[in-house]
1. Which ones in segment 35-46 are farther than 14 Å from residue 67 by Cβ and within 16 Å of the chain's Cα centre (by Cα)?
2. How many residues are loosely packed, with under 11 Cβ neighbours inside 10 Å and not in a helix (DSSP H, G or I) when one looks only at segment 27-71?
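The numbers here are math on the coordinates, done by the rules we state, and not lab data. None of the values given here were measured: they were computed from a predicted structure. So basically every Cβ, Gly included, is an ideal-geometry build from the backbone, and we count neighbours across all protein chains shown.
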């Protein structure tokens, strides 16, 4: 996704925008890693699924828990 956005939009306009996009992806990736780590510590039963199959109840529950955790972490930093 990052490569596609860089080639189709950001590189055609400005190097600064491409660097900013890369920085945002690094921050996003770090946030997901931190959320997954916190979720596994908070509830030892919840492990990050290896395969994400659409409609799988356990995957849906994990993603919802991760989303709730990340949103609560965001609210606490504002």
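1. Residues satisfying the conditions are 37, 40.
2. Of the residues in that region, 7 qualify.
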